[in-house]
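Step one of this worksheet: look at the structure below.
What follows is calculated from the coordinates using simple rules that are stated; it is not laboratory data. Note that this is a predicted model, so its numbers are computed, not measured. Here the Cβ is made from the backbone with ideal geometry for all residues, glycine too, and neighbour counts use every protein chain on show.
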Protein chains: 2
Amino acid sequence: MKISVVKDILEANDRIARENRDLFDDNGLVVFNLMSSPGAGKTSLLERTIDAMKGDVKMGVIEGDIQSTQDAERIAEKGIPVVQINTGGACHLDGNMIRDTFKEFDFAALDLLVVENVGNLVCPAEFQVGEDFKAMILSVTEGEDKPSKYPLMFRESKVLLINKIDLIPYLDISLERFREEALKVNPDLTIFEVSCKTGEGLDAWYAWLKAQVKAGSAA
Amino acid sequence: MKISVVKDILEANDRIARENRDLFDDNGLVVFNLMSSPGAGKTSLLERTIDAMKGDVKMGVIEGDIQSTQDAERIAEKGIPVVQINTGGACHLDGNMIRDTFKEFDFAALDLLVVENVGNLVCPAEFQVGEDFKAMILSVTEGEDKPSKYPLMFRESKVLLINKIDLIPYLDISLERFREEALKVNPDLTIFEVSCKTGEGLDAWYAWLKAQVKAGSAA
């Protein structure tokens with residue numbers, strides 16, 4: 001009984017997500033769904049990425065949080081369109097919540113829309129929102145065992161950013177093992193090792209993302 | 001429709017959790033539910049705590065993970081009873097999963113049972129498992145905005161351990177603001193500032209926990 005209810009919810013969500021995706025495609029818009037544990041650096045990555053894209057790629061952001069508008073305020077300071085979703089308790093975004101933001105955007109004027117999900121390494125990976133691809137961040141402070149313990153998000157993601165590498169000298173961890181453990185769960189992952197604090201490693205991410213936008217707009 | 005289903009699940013869970021609690025009480029067993037984001041240090045805290053309690057308090061542990069037995073193996077090395085629950089995808093433990101472990105334990109021989117929940121700052125706070133109290137860990141690497149963005153777990157917890165304080169020199173954060181933000185959400189929180197790596201601050205936690213066990217066994 002419980003399982004069939006969950007299945008219905010997931011199927012209904014997939015239907016809405018496909019409609020969202022069609023609308024994004026009609027507007028030549030590339031969309032990615034950004035996921036991570038709380039505090040891994042999603043908003044910091046977006047702040048850096050918005051600055052790096054300026055002039056080349058017109059970006060918009062949807063911020064998902066259980067409550068508060070702190071993240072949307074940080075993004076708004078960058079001068080790009082941003083809408084905050086407050087889930088009011090729900091632990092992930094779904095297709096319906098994303099659809100509710102559409103009236104706030106002029107999609108024809110955008111190239112790239114980022115959906116910053118609720119900080120949670122589990123549930124967001126189960127719900128499509130209409131994205132072209134999923135991206136995730138893992139902070140080195142979380143430990144190398146996370147891919148094997150929380151495999152779904154690593155499996156669903158196209159790209160993994162390993163963040164806070166500036167802290168490695170002060171941790172008992174191996175960056176090599178982070179890569180190995182992630183690739184064991186998903187051998188197709190594109191991985192970037194970055195620090196959103198110092199900026200280290202981010203140029204490769206910007207270049208990769210610009211190529212995704214170029215390919216997506218042309219498709 | 002969706003809301004009423006969720007309500008039914010929560011009510012059914014509360015009923016089972018109360019039954020678990022009665023059984024724990026009958027055995028003079030103190031039980032806490034340990035929650036945090038992935039990688040905040042739940043298992044490291046338990047390893048330290050087991051060593052510190054040895055001789056005084058007889059401990060058992062229930063390990064909750066989506067998959068893998070890595071955490072249970074770490075605890076088993078300490079020579080205390082441990083059972084691993086694999087949720088197979090579910091993002092939290094519930095009363096029923098805890099009940100399924102009972103046949104593996106001799107509760108009359110234990111003073112303290114710790115339920116280490118799935119790493120997730122959202123969902124575990126919604127589900128009672130029969131615990132006397134909830135404890136949570138927040139790593140300083142997660143940032144001071146977490147209490148206001150994920151308030152439920154902070155509100156539900158009796159005690160908060162702020163972990164990884166050894167990393168503070170390398171972060172742009174204020175330990176004072178961590179305390180303030182947590183107390184804004186829950187003024188009754190007992191807070192310990194600790195490093196499970198260096199051991200700093202843990203003696204106060206051990207003393208507090210021993211007092212809880214003493215009071216609980218006497219009740």
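Remarks
- Meets criteria (facing chain A (nearest Cβ under 10 Å) and in contact with a helix residue (DSSP H, G or I) (Cβ under 6 Å, 6 or more places away or on another chain)) for residue B:91: yes
- Residue B:144 vs. criteria crowded, with 17+ Cβ neighbours inside 10 Å, of a type outside the set (Phe, Trp, Tyr), within 16 Å of the chain's Cα centre (by Cα) and not in a strand (DSSP E or B): no
- Looking only at residues in the range A:94-144 that are closer than 17 Å to residue A:30 by Cβ and aromatic (Phe, Trp, Tyr), the one that is farthest from the other protein chains (Cβ to nearest Cβ) is A:107.
- Residue check, residue B:131 surrounded by 15 or more Cβ atoms within 10 Å (Cβ to Cβ), among the acidic types (Asp, Glu) and in a loop (DSSP other than H, G, I, E, B): yes
- Pick from the range A:147-170, criterion outside any helix (DSSP H, G or I) and within 26 Å of residue A:216 (Cβ to Cβ), ranking: nearest to the other protein chains (Cβ to nearest Cβ): A:163
- Condition check for residue A:173 on (1) more than 10 Å from chain B (Cβ to nearest Cβ); (2) in contact (Cβ under 8 Å) with a residue 12 or more places away in the chain; (3) not in a loop (DSSP other than H, G, I, E, B): one failure, at (3).
- In the range A:69-88, the residues that are out of contact with any strand residue (DSSP E or B) (no Cβ under 7 Å at 6 or more places or on another chain) and within 12 Å of chain B (Cβ to nearest Cβ): A:70, A:73, A:74, A:88
- The range B:49-69 residues that are on the phi < 0 side of the Ramachandran plot, paired with ones that are aromatic (Phe, Trp, Tyr) and outside any loop (DSSP other than H, G, I, E, B) (beta carbon under 6 Å, 6 or more apart): B:52/B:206
- Among the residues making up the range B:42-68, those that are away from chain A (no Cβ under 14 Å) and under 18 Å from residue B:162 (Cβ atoms) are B:46, B:48, B:49.
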